[in-house]
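Beneath this line is the structure, given in structure tokens, with notes to follow.
The values are calculated or read from the model by the stated rules, or taken from the named source; none is laboratory data. Note that the structure is a prediction, hence the values are computed from the model and not measured. Here Cβ is always computed from backbone atoms with ideal geometry, including for glycine, and neighbour counts include all displayed protein chains. The accessibility values were calculated without ligands, DNA or RNA, using every heavy atom of the protein model including side chains. Shrake-Rupley method; radii C 1.70, N 1.55, O 1.52, S 1.80 Å.
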Amino acid sequence: MKRLSAKLVFMGSQGVGKSSIITRYIKGDFKKECEATIGASFMYAKVTLRDYQITLKVWDTAGQERFRSLVPMYYRNADAVAIVFDVSDRDSFNQVKNWINEVRKNTDTPVVYYVVGNKTDLLDSRTIMYDEGEEFANSVNAHYWETSVYSNTGIQDLFTKIGRNLIEIVESSKPPANLKVEIDPEEVPNNDRINNSKIQCCTN
Amino acid sequence: MNETALFSSKTMERLSLAMKYDEHFRHVMALLDTTVERDYKAKIISLDILSVQLKDHGNDKEIMKKKLQEMRIECERLMHNLKSSNRLLDEANKEKRHAEVERDNMAQKLENFYRLFNSANNSNLNRSGSPVFQCEAERFDQIPRQDTTESVLSDISYSRVEDSLDSDKNFEDAMDRWEPEVFGTVKRKRTSGVTNPNEMRKEIETTTTTATQIVATTTVTMQPFTRNISAKSIIEAKPSNLFPTPSAPPISDSLDSFDSDPYGNENNQNIPNTIHSSSALNKLNNRAHNFTQKSVIIPEICGPCGKKVKFNRVVVKCLDCKATAHLEHKDKIPLPCIPVKSTPSKNGGRIADYSPMVNGRPMIPALVIHCVNEIEQRGFDTVGLYRIPGSEKDVKALKEKFRKGVPNLSDVDIHVVCGCLKDFLRTLDDPLIPHYDWKTFTDAVRNSKDETEHRLYQAISLLPPPNRNTLAYIMLHLQKVAATPDCKMPVGNLARVFGPTIVGYSSEVSENLYFDCELSNKVVEEMLKLSPDYWSNFLNNLVPLRAQNTPLKRTSSRPLQPTHTPITKNNRIFGSSTKRRYLESPRSVKAARIKQLESKKK
């Protein structure tokens, strides 16, 4: 078992469902009304693929305009960036390009970009079709994916896909310095166990 | 016979004479040929043109210099503006805080009134929630809070200026070095030698120098017997590598050098239980000093050895962090160089007042970093780290020393170091979690377990940058302490110690202090349970861009000052700290001084 940990940042306009995607994946539930994120939130997501255990440090940033200035702090050193848009909201789709440009401008490490179209369950009000989204994603050298948190489609696959791409990068001839694989799987859990037992001992 | 011989010899003579004449004639003709001269003349003319151009360049340089000077003045003016607006902002902030307190009071009154009103005609009004609370909810939502001047400044790469001025200086130095040659215009080197018996060669090498080096080599070859004269000239433009590149080193470069940094890892190995090898911390710990040399006028105390440096001895002083030491103790000054700000003379102040700016981002106060480093180096085998109090007198004395520079912590009792850190955090006017955020934080832990984490993340992201960075640094440190079994200080204990210190109390004078205290402890406990990956993200952001290997370059670019340093800010007759010590001298300071003197007598 190889361990890999990477930083994944979710960005996008307000109300496109960034937080929902993450909570859907991690906790498996869905709330119709989600409070607006303030600043940013942080979670771990685990993906197991082949012989890899990938720990994704998921940063969920605020989409609201007034938190725009805080966002750069979170996407620095990111390995993967997922930019979410709402398929029924063209404005949010138009914003995607700005987000990508901003990240490109402010980071100097290689980043894998994902353009994620969310809310595909809204068939009636959908304005951005799959082809348009994919074409755009290809033009900015990003991967395209569609999800629906409501009907729980594509969420698992999105994270698996991100994991698979990260493994590809790590296994490629030139893995970036900030992505490191820990191949020694036995030691880490052992250490944890020792720590836990000792801590318990102290509190007694 | 004789006659014929005579005749033949005469004819021979005549013939040879004719031949000689011929030869001479030919020779003269060759000499009269003016093509070489013409070529040479052309060459000289072109050289003249070159020299004129050089002169032009010189003039251009003058103009540029003048422009640079103007720009610098302009820059200074702008800087002044920046500073004054800074001050204004600070004032406005202060007013804002006043207003907040006032508003809180008013809200309290209104609420009381409302309650009174409600109880008076209970039957009439059954509305839920008071209007006061609604205004409460809105209070900070509209304006992005710029609590500190630092957060405003963070967009401007303020401290870069210094570096760029440095390179300017280099540039000027280099220009000065070139000056004689620039105005002498042409340096000529003549090598005339007869390398070959039937060949005369003249070589003129002209080297002129401007920003790029121009080397003109002319070779004139004369072969006297064949009348063959050739001139060859090569003009080359060589990029001069003597000029320093004025641009800053690329960021990626510096980052790489940090990543492949062996020392940082060593640092971490000292720590018995590294749950997280955060490279950000290593980077922070490797900031190098920026030394300058000077001779002492007012006796100063050497940080590492603690002795007084006498009159006219030479000390090194770091320009950024004001650490002072004997020349021979230079290497013993603790490594991470944290620039000091002019700290407020009194105790207290806000965290932003202590946080220096590095590359436009607020750093962590020097006191915090040095104390934490010391504790991480030798405190991890101490039982009851942070729990056992140090001598209060020593704590005060140590804190006073920090005000003047970086003291030597290696023989201070570890509990005193901890005490100093705690005391520093406790005596801030606004605790690490400011009064106006107290409610947000305590609300976060009051909620259900599921929500706590999420709400804490949001509350933390709203803190002003200096507070957030310092909090992150301290949390990472405390998590290490909690994970060290030898300390016997699990999360719960640390939370109890640091609850009131970091979180403080609600802004109103609280009736139920005990309950507040419990909440504070809970906040710290929950924050300690957050992932180290989360906290280290904030520190990643304040890794100085200045590469770790720059000290070499820096020392060369900024030469050590000569020993006859003019009396500057640093060694005025009364340094500001000295003045403060004598003129204000609160009792504790006096006590510290007396103790210092006593220990010296011993």
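Miscellaneous remarks
- Residue within the stretch B:502-522 that is farther than 26 Å from residue B:90 by Cα, within 12 Å of another protein chain (Cβ to nearest Cβ) and modelled with pLDDT of 80 or more present: no
- Only one entry in B:411, B:443, B:430 is open to solvent by 10 Å² or more (accessible area, probe 1.4 Å) and touching a residue at least 40 places away in the same chain (Cβ under 8 Å), namely B:430.
- Strands (runs of 3 or more DSSP E) contained in the stretch A:1-84 and holding at least 1 residues out of contact with any strand residue (DSSP E or B) (no Cβ under 6 Å at 6 or more places or on another chain) and on the phi > 0 side of the Ramachandran plot: none
- Residue that is closer than 30 Å to residue B:289 by Cα, buried (at least 17 other Cβ atoms within 10 Å of the Cβ) and over 27 Å from the mean Cα position of the chain (by Cα), where the choices are B:396, B:401: B:396
- Failed condition for residue B:456, given (1) touching a residue at least 24 places away in the same chain (Cβ under 8 Å); (2) more than 14 Å from every other protein chain (Cβ to nearest Cβ); (3) touching a helix residue (DSSP H, G or I) at 6+ places or on another chain (Cβ under 6 Å); (4) in a helix (DSSP H, G or I): (2)
- For the stretch B:486-500, the count of residues that are of a type in the set (Val, Ile, Thr) and in a helix (DSSP H, G or I) is at least one.
- Residue check, residue B:425 within 30 Å of residue B:317 (Cβ to Cβ) and not in a helix (DSSP H, G or I): no
- Tally, over the stretch A:1-23, of residues that are open to solvent by 50 Å² or more (accessible area, probe 1.4 Å), closer than 22 Å to residue A:109 by Cα and among the aliphatic types (A, V, I, L, M): 0
- When residues of the stretch A:24-56 are limited to those that are surrounded by fewer than 20 Cβ atoms within 10 Å (Cβ to Cβ) and within 10 Å of another protein chain (Cβ to nearest Cβ), the one modelled with the lowest pLDDT: A:35
- Hits in the stretch A:140-161 (condition: in a helix (DSSP H, G or I) and open to solvent by 70 Å² or more (accessible area, probe 1.4 Å)): A:156, A:157
- Exclusive hit being surrounded by 23 or more Cβ atoms within 10 Å (Cβ to Cβ), of a type outside the set (A, V, I, L, M) and at the interface with chain B (Cβ under 10 Å from one of its Cβ atoms), set A:60, A:86: A:60
- Residue selection: residue B:432 satisfies the criterion of being in contact with a Ser or Thr (Cβ under 7 Å, 6 or more places away or on another chain) and not in a helix (DSSP H, G or I).
- Breaking point among (1) in contact with a Leu (Cβ under 7 Å, 6 or more places away or on another chain); (2) outside any strand (DSSP E or B), for residue A:137: (1)
- Helices (runs of 4 or more DSSP H) wholly inside the stretch B:296-405 containing at least 2 residues that are at pLDDT 80 or above: B:366-378, B:392-404
- Among the residues of this structure, residue A:103 does not count as one that is in a helix (DSSP H, G or I), more than 14 Å from chain B (Cβ to nearest Cβ) and surrounded by 21 or more Cβ atoms within 10 Å (Cβ to Cβ).
- Screening residue A:94 against (1) away from chain B (no Cβ under 14 Å); (2) crowded, with 19+ Cβ neighbours inside 10 Å; (3) free of Cβ contacts under 8 Å to residues at least 60 places away in the same chain leaves a single unmet condition, (2).
- Candidates A:11, A:43, A:73 - the one that is without any contact (Cβ under 8 Å) to a residue 40 or more places away in the chain, of a type in the set (A, V, I, L, M, F, W, C) and touching a helix residue (DSSP H, G or I) at 6+ places or on another chain (Cβ under 6 Å): A:43
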